[in-house]
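Peer 1: This structure is in structure tokens; I'll ask about it shortly.
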Amino acid sequence: MEGEEAADLLARADAAYLRVDADPAGFGSAAAALVLESRQVGHSEALVAALRAEAWAERARLDDTQARKLLNEAAGLARRHRLDERLGEVLVTRAAVNLELGRVTAARRDLDAAANLVAGDAARQRDLQQAALHQNTGRLSLAAGIYLRLLAHADLAIEVRCKVANNLALIEARRRSFDSALRLLEEAARAAAHVGPALTAYVVHNRGWVHVQAGRLPEGLRLFDQAALLHQAAGLPLGELYTSYADAFADLRLLPEAATAAALAAGEFASTGVPLMGADAQLRVAQLALLSGDPTGSMAAAGLATRMFRQQHRPAWAARAALVTVEAQLIRCEAGPAELRIARRAAGVLQELGIRSEAAHAHLVAGRLAIALDRRPAALQSLQLAAAAAHRAPVLVRLDGRIATALTAQLGGRDQDVLRHCRDGLRDLARHRRALPSTELRALASGHGVELGRIGLAVSLRSGSPARVLDWMERTRAASLSAVEPPALDGLEDEMAALRAVHAELADARNAAPDEQTALLGRQRDIESRIRRATWVRRPGAVIGQDSIGPAQLRAALGGRVLVEYGVLDGDLFVVVLDARRSRLVSLGAVSVVEKQAQSLMFALHRLTRPRTGAPLAAARTSADFGLGRLAELLLVPLGLDADARLVVVPGRGLHRLPWAALHDGPVSLAPSASFWSRTMTATGDPEGPTVLVAGPDLPGAAREIEAVRRLYADPVVLAPPDSTAGAVARAIAGAGLAHLACHGDLRADNPTFSALRMSDGPLTLHELDSRGAAPRRIVLASCESGAQVDYAGEEVIGFVGSLMARGTAGLLASTVVVSDTETVELMCGVHESLRAGASLADALHQSRGAIGREDPRAFVSWCAFNAYGSA
């Protein structure tokens with residue numbers, strides 16, 4: 001090859017590496033072509049450069065094994081031809097690949113060997129890779145020092161400046177210097193814009209990661225979604241992004257989504273052979289198994305992650321994985337002194353390396369275990385270290401600190417200090433919850449406060465003061481419903497229409513092949529996922545309602561009614577009773593007895609809705625009658641209430657679906673919390689607004705019911721098929737004084753925001769109803785299970801009842817079980833007659849129930865099924 005042609009080939013080979021670094025998908029094939037061309041003409045130096053470029057493209061595709069093979073060939077060529085500077089470049093590149101392969105010692109050896117072979121920009125590349133090695137093995141201070149020295153060079157190559165600023169930002173975030181981290185990422189973004197799409201995608205991803213670490217979770221998710229599009233456009237794998245999604249979803253307590261993301265990351269890294277990032281993903285799998293209540297699975301995943309981290313000489317990460325194993329053993333009651341030593345050692349390693357957020361959690365785990373082992377001095381030491389490490393941390397880390405200080409006070413017998421620390425933690429959590437952009441996320445966030453709530457409740461119960469217990473329960477009940485977003489469909493009208501269309505297809509495909517039904521269900525899940533994700537990443541703008549109120553205000557709001565609020569601690573059921581004269585705290589025994597009887601009653605009521613005769617029918621009725629009597633004996637008889645007392649019941653976790661109106665002889669009104677019930681006294685809905693009556697499709701009884709109720713009102717708005725579409729109904733009931741919807745109801749226990757009322761064109765989901773802000777002053781939901789609410793950790797509930805009341809509905813009537821559409825007409829007509837006479841929904845339901853017969857099994861179910869909610 002002539003000199004000019006050889007020089008051109010070498011120049012193209014050198015340029016190929018930079019182009020691959022900027023856009024691996026776009027230039028990877030060009031690098032491979034240069035390797036072939038260099039081989040054919042026998043240009044050794046160009047071949048070394050081209051092999052390095054092709055290897056970097058393979059590494060970007062996560063094929064580090066192939067990348068290392070190409071770099072080994074390049075290194076051999078460079079040595080044979082005494083191309084020392086080329087050899088240094090290859091060794092620096094191979095160090096990066098070896099690090100991702102978990103070959104830390106080999107990476108160090110390559111960097112040491114390259115030290116005397118490179119100069120200028122190549123030497124700075126070597127320093128960058130040396131810092132990256134320190135960073136990935138937990139030596140953050142060493143890495144930061146190198147990065148800062150590199151950034152001081154005004155003539156630093158732009159692609160190196162981008163990577164250095166990006167990597168240093170991650171360290172700053174670990175140190176909780178989030179503003180500094182974001183400034184560095186702005187610098188990295190400016191540089192990336194001049195380099196190529198790959199670095200731009202990485203920088204956007206890491207901006208999202210920093211926001212997640214700072215506790216700004218919706219913003220982090222928005223950036224991850226943006227980064228995903230950039231990764232896909234640049235042809236980059238998504239494994240690292242899946243890992244970051246797992247972290248964000250876990251902090252949001254979207255645990256199924258987090259587990260899926262972690263599994264996708266682990267699978268991608270396992271299939272491509274990238275142990276460094278694979279170990280990180282495996283740690284997430286272990287952590288999420290623990291959070292999801294699977295300590296056995298968590299221990300298996302954590303054990304694998306620990307072995308991988310140790311092989312990679314990554315002590316900080318090995319400590320985190322070992323800690324997960326200890327937590328799992330503690331849950332399984334298998335942790336002993338050896339595990340306490342492991343936990344304390346792990347906490348010390350994390351503390352020493354400056355990874356303070358993880359250190360705070362590790363010290364807390366050690367403190368909990370020391371308490372379980374009755375090692376008081378060790379417990380106090382670990383808890384104090386946890387509190388110190390969590391100081392001025394993002395909110396979810398601060399909660400660990402609040403728990404630690406509360407436990408410290410508990411060990412010292414200082415109950416008032418315990419309550420103070422728990423209150424402080426719950427206030428922190430309330431601020432975090434209010435910054436979240438959807439009811440679903442706020443309800444899930446309350447799960448972070450379960451331990452603080454339990455500790456505070458235990459102290460309150462020990463005091464024996466009904467007022468203190470009531471105050472504490474009110475602090476931790478239905479907090480997510482105290483804030484609502486302004487009505488907005490967020491541009492999701494097309495998605496909601498698509499969801500109704502796929503529901504129609506599913507209805508038509510009942511007798512279709514299983515594959516067709518599976519495909520339709522997959523489309524439904526995809527649409528629902530897109531709708532949910534849109535709410536997770538929108539800008540927060542919730543309107544905050546009032547906080548909990550005290551006993552004096554409650555008594556005034558109750559107006560002679562009796563408040564009965566239930567709670568559970570460590571499996572024991574108790575109740576606070578607040579009437580006009582006094583308050584009482586009553587212990588009711590094991591909640592499991594109530595839960596078992598409730599399950600039996602619900603099963604019996606379900607059997608009574610099915611066509612049966614003779615002995616099976618009699619047995620179901622006997623079982624239902626027994627269940628009602630037994631539940632009354634367990635829940636109400638011990639309270640010594642007057643038989644006709646007007647009750648306001650706050651059921652508590654697991655008790656919301658009970659037929660409370662059928663357990664007491666007087667009127668009963670329910671609410672997610674007493675404070676929430678009192679808010680309905682001042683609801684702003686217009687009592688003189690129109691009356692709207694709606695019949696859904698495929699229910700002959702619904703049409704008869706609406707026609708019968710229609711006769712009771714002078715000029716109601718009536719929507720019947722085909723006019724009772726989801727949009728028309730939502731628009732009609734917004735601002736109504738009274739609405740009555742007789743239709744099919746579909747409960748989605750797996751995802752209650754997609755529980756739905758079936759309209760003529762498909763489902764009117766809870767999500768859509770809430771997004772439209774449709775909340776009549778009073779509403780009757782004559783639909784199966786329309787009053788069923790799904791419990792979330794932290795005494796939260798999601799369902800039509802809570803959502804409508806949060807939006808301003810003052811009174812609501814709904815069923816907690818399946819009912820017959822043909823047997824509710826008499827009950828509903830009686831309710832409306834009483835409403836027209838000025839009764840509240842609770843009083844109207846009580847009067848109507850007292851006037852109907854119960855001999856027919858389905859009429860009996862309707863007599864049991866409906867509960868009233870709110871004060872109106």
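Peer 1: With the structure loaded, tell me whether residue 305 is assigned to a helix (DSSP H, G or I), touching a His at 6+ places or on another chain (Cβ under 9 Å) and buried (at least 24 other Cβ atoms within 10 Å of the Cβ) or whether it fails that test. So that I can check it myself, show each step before the final result.
Peer 2: Values: assigned to a helix (DSSP H, G or I): yes; touching a His at 6+ places or on another chain (Cβ under 9 Å): no; buried (at least 24 other Cβ atoms within 10 Å of the Cβ): yes.
The answer is no for residue 305.
Peer 1: Say whether the condition of being open to solvent by 40 Å² or more (accessible area, probe 1.4 Å) and touching a residue at least 12 places away in the same chain (Cβ under 8 Å) is met by at least one residue in the stretch 283-290. Reasoning before the result, please.
Peer 2: If we filter the stretch 283-290 for residues that are open to solvent by 40 Å² or more (accessible area, probe 1.4 Å), which is where we start, we get 285, 287.
If we keep only those that are touching a residue at least 12 places away in the same chain (Cβ under 8 Å) as well, we get 285, 287.
Checked the stretch 283-290: at least one residue is open to solvent by 40 Å² or more (accessible area, probe 1.4 Å) and touching a residue at least 12 places away in the same chain (Cβ under 8 Å).
Peer 1: While we're looking at this one, here's another question. Applying the selection to the stretch 85-110, what residues are free of Cβ contacts under 8 Å to residues at least 60 places away in the same chain and either surrounded by fewer than 22 Cβ atoms within 10 Å (Cβ to Cβ) or over 48 Å from the mean Cα position of the chain (by Cα) (or both)?
Peer 2: Within the stretch 85-110, 85, 86, 87, 106, 108, 109 qualify.
Peer 1: Then there is this: Within the stretch 131-153, which residues are crowded, with 21+ Cβ neighbours inside 10 Å and in a loop (DSSP other than H, G, I, E, B)?
Peer 2: Passing the criteria: 137, 138.
Peer 1: Moving to a separate point now. Report whether or not residue 787 is closer than 30 Å to residue 502 by Cβ, assigned to a loop (DSSP other than H, G, I, E, B), touching a helix residue (DSSP H, G or I) at 6+ places or on another chain (Cβ under 9 Å) and not charged (D, E, K, R).
Peer 2: Details: closer than 30 Å to residue 502 by Cβ: yes; assigned to a loop (DSSP other than H, G, I, E, B): yes; touching a helix residue (DSSP H, G or I) at 6+ places or on another chain (Cβ under 9 Å): yes; not charged (D, E, K, R): yes.
So residue 787 passes the test.
Peer 1: For the condition in contact with a Cys (Cβ under 8 Å, 6 or more places away or on another chain) and farther than 18 Å from residue 677 by Cα, what is the one hit in 818, 825, 790, 831? Working first, answer last.
Peer 2: Values: 825 fails: in contact with a Cys (Cβ under 8 Å, 6 or more places away or on another chain); 790 fails: in contact with a Cys (Cβ under 8 Å, 6 or more places away or on another chain); 831 fails: in contact with a Cys (Cβ under 8 Å, 6 or more places away or on another chain).
It is 818.
Peer 1: Moving on. If I filter the stretch 340-363 for residues that are touching a Ser or Thr at 6+ places or on another chain (Cβ under 6 Å) and surrounded by 24 or more Cβ atoms within 10 Å (Cβ to Cβ), do I get at least one hit? Talk me through it step by step, then tell me what you get.
Peer 2: Going through the stretch 340-363, the residues touching a Ser or Thr at 6+ places or on another chain (Cβ under 6 Å) turn out to be 363.
Retained after the next criterion (residues that are surrounded by 24 or more Cβ atoms within 10 Å (Cβ to Cβ)): 363.
Yes: one or more hits.
Peer 1: Using the structure shown, decide if residue 471 is acidic (Asp, Glu), surrounded by fewer than 23 Cβ atoms within 10 Å (Cβ to Cβ), more than 26 Å from residue 769 (Cβ to Cβ) and out of contact with any helix residue (DSSP H, G or I) (no Cβ under 6 Å at 6 or more places or on another chain). Let's see the steps before the verdict.
Peer 2: Working: acidic (Asp, Glu): yes; surrounded by fewer than 23 Cβ atoms within 10 Å (Cβ to Cβ): yes; more than 26 Å from residue 769 (Cβ to Cβ): yes; out of contact with any helix residue (DSSP H, G or I) (no Cβ under 6 Å at 6 or more places or on another chain): yes.
Here the answer is yes, as residue 471 does meet what is asked.
Peer 1: Name the one entry in 184, 156, 199 that is among the hydrophobic types (A, V, I, L, M, F, W, C) and in a loop (DSSP other than H, G, I, E, B).
Peer 2: Checking each option against the conditions leaves just 156.
Peer 1: Okay, next question. Which members of the stretch 212-238 meet the condition of being small (Gly, Ala, Ser) and either over 20 Å from residue 178 (Cα atoms) or open to solvent by 50 Å² or more (accessible area, probe 1.4 Å) (or both)? Quick ask: steps written out before the conclusion?
Peer 2: Filtering the stretch 212-238 down to residues small (Gly, Ala, Ser) leaves 214-215, 220, 227-228, 233-235.
Listed by number, the residues that qualify are 228, 233, 234, 235.
Peer 1: Can you say whether residue 496 is farther than 30 Å from residue 517 by Cα and crowded, with 19+ Cβ neighbours inside 10 Å, as far as the supplied structure shows? Spell out how you get there, then give the answer.
Peer 2: Working: farther than 30 Å from residue 517 by Cα: no; crowded, with 19+ Cβ neighbours inside 10 Å: yes.
It is false that residue 496 is farther than 30 Å from residue 517 by Cα and crowded, with 19+ Cβ neighbours inside 10 Å.
Peer 1: One residue is enough: does the stretch 554-570 have a residue meeting the conditions within 25 Å of the chain's Cα centre (by Cα), among the hydroxyl-bearing types (Ser, Thr, Tyr) and at pLDDT 90 or above? Full working, then the answer.
Peer 2: The initial filter retains those residues of the stretch 554-570 that are within 25 Å of the chain's Cα centre (by Cα), namely 567-570.
Narrowing the set further to residues that are among the hydroxyl-bearing types (Ser, Thr, Tyr) leaves none.
No, every residue in the stretch 554-570 fails to be within 25 Å of the chain's Cα centre (by Cα), among the hydroxyl-bearing types (Ser, Thr, Tyr) and at pLDDT 90 or above.
Peer 1: From the residues in the stretch 594-623 that are of a type in the set (Val, Ile, Thr) and open to solvent by 40 Å² or more (accessible area, probe 1.4 Å), which one is nearest to residue 654 (Cα to Cα)?
Peer 2: Filtering the stretch 594-623 down to residues of a type in the set (Val, Ile, Thr) leaves 594, 609, 613, 622.
Okay, now just the ones that are also open to solvent by 40 Å² or more (accessible area, probe 1.4 Å), so 613, 622.
Numbers: 613: 32, 622: 24 Å.
Per the criteria, the residue is 622.
Peer 1: Given the residues 61, 39, 19, which is the only one that is surrounded by fewer than 23 Cβ atoms within 10 Å (Cβ to Cβ), more than 22 Å from residue 162 (Cβ to Cβ) and of a type outside the set (Ser, Thr, Tyr)? Even if it seems obvious, please write down each step before you answer.
Peer 2: Numbers: 61 fails: more than 22 Å from residue 162 (Cβ to Cβ); 19 fails: more than 22 Å from residue 162 (Cβ to Cβ).
The match here is 39.
Peer 1: Which condition breaks for residue 820 when tested against (1) polar (S, T, N, Q); (2) part of a helix (DSSP H, G or I); (3) out of contact with any strand residue (DSSP E or B) (no Cβ under 9 Å at 6 or more places or on another chain)?
Peer 2: (2)
Peer 1: Is it true that residue 643 is in contact with an Asp or Glu (Cβ under 7 Å, 6 or more places away or on another chain), without any contact (Cβ under 8 Å) to a residue 60 or more places away in the chain and either of a type in the set (A, V, I, L, M, F, W, C) or open to solvent by 20 Å² or more (accessible area, probe 1.4 Å) (or both)?
Peer 2: Values: in contact with an Asp or Glu (Cβ under 7 Å, 6 or more places away or on another chain): yes; without any contact (Cβ under 8 Å) to a residue 60 or more places away in the chain: yes; either of a type in the set (A, V, I, L, M, F, W, C) or open to solvent by 20 Å² or more (accessible area, probe 1.4 Å) (or both): yes.
Yes; evaluated as a whole, the condition is true for this residue.
Peer 1: State all residues of the stretch 403-446 that are among the basic types (Lys, Arg), open to solvent by 10 Å² or more (accessible area, probe 1.4 Å) and touching a residue at least 12 places away in the same chain (Cβ under 8 Å); if no residue qualifies, say none.
Peer 2: So in the stretch 403-446, the residues among the basic types (Lys, Arg) come out as 414, 420, 423, 427, 431, 433-434, 442.
When the remaining residues are screened for being open to solvent by 10 Å² or more (accessible area, probe 1.4 Å), the result is 414, 420, 423, 427, 431, 433-434.
Within the stretch 403-446, 423, 431, 433, 434 qualify.
Peer 1: While we're on this one: Scanning the stretch 71-84 for residues that are in contact with a helix residue (DSSP H, G or I) (Cβ under 7 Å, 6 or more places away or on another chain) and in contact (Cβ under 8 Å) with a residue 24 or more places away in the chain, which turns out nearest to residue 121 (Cα to Cα)? Reasoning before the result, please.
Peer 2: Going through the stretch 71-84, the residues in contact with a helix residue (DSSP H, G or I) (Cβ under 7 Å, 6 or more places away or on another chain) turn out to be 71, 73-75, 77-79, 81, 83.
Checking the rest, the ones that are also in contact (Cβ under 8 Å) with a residue 24 or more places away in the chain come to 71, 74, 77-78, 81, 83.
Values: 71: 20, 74: 20, 77: 22, 78: 19, 81: 22, 83: 17 Å.
Out of the qualifying residues, it is 83.
Peer 1: Among the listed residues 834, 848, 815, 862, which satisfies the condition of being at negative phi and surrounded by fewer than 22 Cβ atoms within 10 Å (Cβ to Cβ)?
Peer 2: On the way: 848 fails: surrounded by fewer than 22 Cβ atoms within 10 Å (Cβ to Cβ); 815 fails: surrounded by fewer than 22 Cβ atoms within 10 Å (Cβ to Cβ); 862 fails: surrounded by fewer than 22 Cβ atoms within 10 Å (Cβ to Cβ).
Exactly one of 834, 848, 815, 862 is at negative phi and surrounded by fewer than 22 Cβ atoms within 10 Å (Cβ to Cβ), namely 834.
Peer 1: Right, here's the next one. Restricting attention to the stretch 274-288, does a residue exist that is modelled with pLDDT under 95 and not in a helix (DSSP H, G or I)?
Peer 2: Yes - at least one qualifying residue is present in the stretch 274-288.
Peer 1: Restrict the check to the stretch 348-359 and report whether at least one residue is on the phi > 0 side of the Ramachandran plot and in contact with a Leu (Cβ under 6 Å, 6 or more places away or on another chain).
Peer 2: Filtering the stretch 348-359 down to residues on the phi > 0 side of the Ramachandran plot leaves 354.
Applying the additional criterion that residues be in contact with a Leu (Cβ under 6 Å, 6 or more places away or on another chain) yields 354.
Yes: one or more hits.
One line per residue, one yes/no per condition, for (1) in contact (Cβ under 8 Å) with a residue 60 or more places away in the chain; (2) in a helix (DSSP H, G or I); (3) among the polar types (S, T, N, Q):
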site: 229; (1), (2), (3): no, yes, no
site: 235; (1), (2), (3): yes, no, no
site: 241; (1), (2), (3): no, yes, no
site: 249; (1), (2), (3): no, yes, no
site: 258; (1), (2), (3): no, yes, no
site: 264; (1), (2), (3): no, yes, no
site: 268; (1), (2), (3): yes, yes, no
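Peer 1: Would you tally the residues in the stretch 602-651 being touching a strand residue (DSSP E or B) at 6+ places or on another chain (Cβ under 9 Å) and at negative phi?
Peer 2: Residues in the stretch 602-651 being touching a strand residue (DSSP E or B) at 6+ places or on another chain (Cβ under 9 Å) and at negative phi: 14 in total.
Peer 1: In the list 150, 140, which residue meets the criterion of being of a type in the set (A, V, I, L, M, F, W, C) and over 25 Å from residue 64 (Cα atoms)? Give the steps one after another, and end with the answer.
Peer 2: Values: 140 fails: over 25 Å from residue 64 (Cα atoms).
On inspection, the qualifying residue turns out to be 150.
Peer 1: Looking at the stretch 182-204, I want the residues that are β-branched (Val, Ile, Thr) and have a partner that is open to solvent by 60 Å² or more (accessible area, probe 1.4 Å) and in a helix (DSSP H, G or I) with Cβ atoms under 7 Å, at least 6 apart or on another chain. Which pairs are those?
Peer 2: These pairs meet every condition: 195/158; 200/193; 204/226.
Peer 1: Could you please find all residues in the stretch 624-636 being open to solvent by 40 Å² or more (accessible area, probe 1.4 Å) and either closer than 12 Å to residue 857 by Cβ or of a type in the set (Ser, Thr, Tyr) (or both)?
Peer 2: Residues of the stretch 624-636 that are open to solvent by 40 Å² or more (accessible area, probe 1.4 Å), as a first pass: 625-626, 630, 633.
Matches in the stretch 624-636: 625 only.
Peer 1: Among the numbered criteria (1) assigned to a loop (DSSP other than H, G, I, E, B); (2) open to solvent by 60 Å² or more (accessible area, probe 1.4 Å), which one does residue 512 miss?
Peer 2: For residue 512, the exception is condition (2).
Peer 1: Listed residues 773, 808; which is small (Gly, Ala, Ser) and touching a Lys or Arg at 6+ places or on another chain (Cβ under 7 Å)?
Peer 2: Values: 808 fails: touching a Lys or Arg at 6+ places or on another chain (Cβ under 7 Å).
None of the others qualify; the one that does is 773.
The values are calculated or read from the model by the stated rules, or taken from the named source; none is laboratory data. All figures in this text were calculated on a predicted structure; none of them were measured in a lab. As a convention, Cβ positions derive from the backbone with ideal geometry for all residues, glycine included, and neighbour counts pool all protein chains shown. Surface areas here come from the heavy atoms of the whole protein model, side chains and all, with no ligands, DNA or RNA. Shrake-Rupley method; radii C 1.70, N 1.55, O 1.52, S 1.80 Å.
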